[in-house]
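**Student:** Sharing a structure below in structure tokens format, with a few things to ask.
The values are calculated or read from the model by the stated rules, or taken from the named source; none is laboratory data. Since we're looking at a predicted model, the values are computed, not measured. Neighbour counts are summed over all protein chains in view; Cβ atoms, including those assigned to glycine, are modelled from backbone coordinates with ideal geometry.
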Amino acid sequence: MLQVRDLNLRIGGLRILSDLSFDIKDGSITGLIGPNGAGKSSFYNALFNLFPANSGSIKFDGIELVGKTSDQINHLGIARTFQDSKLLPQITVLDNLLLGSKYLNPVNLRRVFFGHKTLKEEFKNEKKKAMELLRKVGLENKAHSLAKNLSFGQSKLIEILKIFMYESKLVLLDEPFSGLFPEMVKVITALIRELVASGRTIMFVEHDMRLIAEICDHVIVLDAGSKIAEGTFEHVKSKPEVVEAYLGN
Ligand SMILES: Nc1ncnc2c1ncn2[C@@H]1O[C@H](COP(=O)(O)OP(=O)(O)OP(=O)(O)O)[C@@H](O)[C@H]1O
Ligand SMILES: [Mg+2]
């Protein structure tokens, strides 16, 4: 599904990613791990062309992503969450979810305003879908609250629910569990499994090795911008390079 080949990223003369190559298989859950500053978030940023790669290739279902804009990459079917919340604080939780809808764009909004029947129906369905998602995690009573009033854990939950609104095939999550209470970790784990059951492929960045062991079927380890190990969690955890990378920090 995703093929990364010899990806290099430099920012201001600093090597952030070096000759990075790996594959993500269709339907898998891949963990991307490594010490702080290893380049995990930078890889996501390079994939979305927020940090343009200096060389190398990232192919998604055979289509080259390097050189495409974030919007084009989104439209090809890749969604992501960020390490810090990107919810819009001054609009409602429901409207934040609807921002994930493929129907929401200025042209469609104008059409609905002028009475486009089919689109109006689609918007209604999208709203229903968003409300069902909120109900699933017990947050339906927050639908009309401003996003700024959500707790930290609730915001993370909404960011993941937003992914369900996108028709994405590949989902990149950046530390979806960090700073959460155990109950919330369980809810998010269940949501991730549901994303996979609904046909999505997942990559997620995480520091908690128990969660990596529990959820991932494949793990990629980065250190200082290079891949130092890859395989099952059992395989990578015992590799001397991996132990060294974590102990050295
Ligand atoms: N916008 C930027 N400008 C310059 N350097 C950056 C920028 N963003 C990240 N870096 C550098 O790139 C390297 C990798 O950072 P990155 O945020 O990708 O690490 P990470 O693996 O996600 O770490 P963490 O686990 O702490 O989130 C670090 O040395 C960081 O200082
Ligand atoms: Mg990061």
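**Student:** Among the residues of the stretch 47-72, which ones are within 13 Å of ligand 1 (Cβ to nearest atom) and either more than 19 Å from Thr201 (Cα to Cα) or not hydrophobic (A, V, I, L, M, F, W, C) (or both)?
**Tutor:** The answer is Leu50, Phe51, Pro52.
**Student:** Take the residues in the stretch 162-182 that are away from ligand 2 (no atom under 16 Å from the Cβ) and within 21 Å of Glu132 (Cβ to Cβ), then tell me which one is nearest to the chain's Cα centre (by Cα).
**Tutor:** So the residue we want is Val171.
**Student:** Please pick out the residue among Ile58, Ile73, Ile63 that is at pLDDT 95 or above and buried (at least 20 other Cβ atoms within 10 Å of the Cβ).
**Tutor:** After applying the criteria, what remains is Ile58.
**Student:** Need pairs with beta-carbon distance below 6 Å; first residue near ligand 1 (Cβ under 6 Å from one of its atoms) and within the stretch 27-46, second in a helix (DSSP H, G or I); sequence gap 6+ or separate chains.
**Tutor:** Hits for this filter: Gly34/Lys40.
**Student:** Determine the pairs where a residue that is within 15 Å of Lys237 (Cβ to Cβ), located within the stretch 203-215, has a partner that is more than 14 Å from ligand 1 (Cβ to nearest atom) and among the hydroxyl-bearing types (Ser, Thr, Tyr) with Cβ atoms under 8 Å apart, the partner being 6 or more residues away or on another chain.
**Tutor:** Leu211/Thr189; Glu214/Thr189; Ile215/Thr189
**Student:** Then there's this: Which residue pairs have Cβ atoms closer than 7 Å, lie 6 or more positions apart in sequence or on different chains, and pair a first residue in the stretch 171-182 that is within 13 Å of ligand 1 (Cβ to nearest atom) with a second residue that is polar (S, T, N, Q) and in a loop (DSSP other than H, G, I, E, B)?
**Tutor:** So the pair list comes out as Leu173/Thr81; Asp174/Thr81; Asp174/Gln83; Glu175/Gln83; Pro176/Thr81.
**Student:** Within the stretch 183-207, which residues are aliphatic (A, V, I, L, M) and more than 16 Å from ligand 2 (Cβ to nearest atom)?
**Tutor:** Met184, Val185, Val187, Ile188, Ala190, Leu191, Ile192, Leu195, Val196, Ala197, Ile202
**Student:** Further question: Within the stretch 115-152, can you find the residues that are among the small types (Gly, Ala, Ser) and either surrounded by fewer than 16 Cβ atoms within 10 Å (Cβ to Cβ) or touching a residue at least 60 places away in the same chain (Cβ under 8 Å) (or both)?
**Tutor:** Step one: of the stretch 115-152, the residues among the small types (Gly, Ala, Ser) are 115, 130, 138, 143, 145, 147, 151.
Answer for the stretch 115-152, where residues must be among the small types (Gly, Ala, Ser) and either surrounded by fewer than 16 Cβ atoms within 10 Å (Cβ to Cβ) or touching a residue at least 60 places away in the same chain (Cβ under 8 Å) (or both): Gly115, Gly138, Ser145, Ala147, Ser151.
**Student:** Continuing with this model, one more query. How many residues are away from ligand 2 (no atom under 12 Å from the Cβ) and not in a strand (DSSP E or B) when one looks only at the stretch 26-52?
**Tutor:** Of all residues in the stretch 26-52, those away from ligand 2 (no atom under 12 Å from the Cβ) come to 26-31, 46-52.
Narrowing further to those that are not in a strand (DSSP E or B): 26-28, 46-52.
Within the stretch 26-52, residues that are away from ligand 2 (no atom under 12 Å from the Cβ) and not in a strand (DSSP E or B) number 10.
**Student:** Okay, next question. Checking Val243 against (1) in contact (Cβ under 8 Å) with a residue 40 or more places away in the chain; (2) closer than 25 Å to Asp23 by Cα; (3) among the hydrophobic types (A, V, I, L, M, F, W, C), only one condition comes out false. Which one?
**Tutor:** Going through (1) in contact (Cβ under 8 Å) with a residue 40 or more places away in the chain; (2) closer than 25 Å to Asp23 by Cα; (3) among the hydrophobic types (A, V, I, L, M, F, W, C) one by one, Val243 breaks only (1).
**Student:** In the stretch 34-51, is there at least one residue being among the hydroxyl-bearing types (Ser, Thr, Tyr) and touching a helix residue (DSSP H, G or I) at 6+ places or on another chain (Cβ under 6 Å)?
**Tutor:** no
**Student:** Inside the stretch 189-214, can you point out the residues that are farther than 20 Å from Ile78 by Cβ and surrounded by 18 or more Cβ atoms within 10 Å (Cβ to Cβ)? Give the derivation first.
**Tutor:** Residues of the stretch 189-214 that are farther than 20 Å from Ile78 by Cβ, as a first pass: 189-190, 207-214.
Leu211, Ile212 - these are the residues of the stretch 189-214 that are farther than 20 Å from Ile78 by Cβ and surrounded by 18 or more Cβ atoms within 10 Å (Cβ to Cβ).
**Student:** Within the stretch 92-120, which residues are of a type in the set (D, E, K, R) and modelled with pLDDT of 85 or more?
**Tutor:** Of everything in the stretch 92-120, just one residue is of a type in the set (D, E, K, R) and modelled with pLDDT of 85 or more, namely Asp95.
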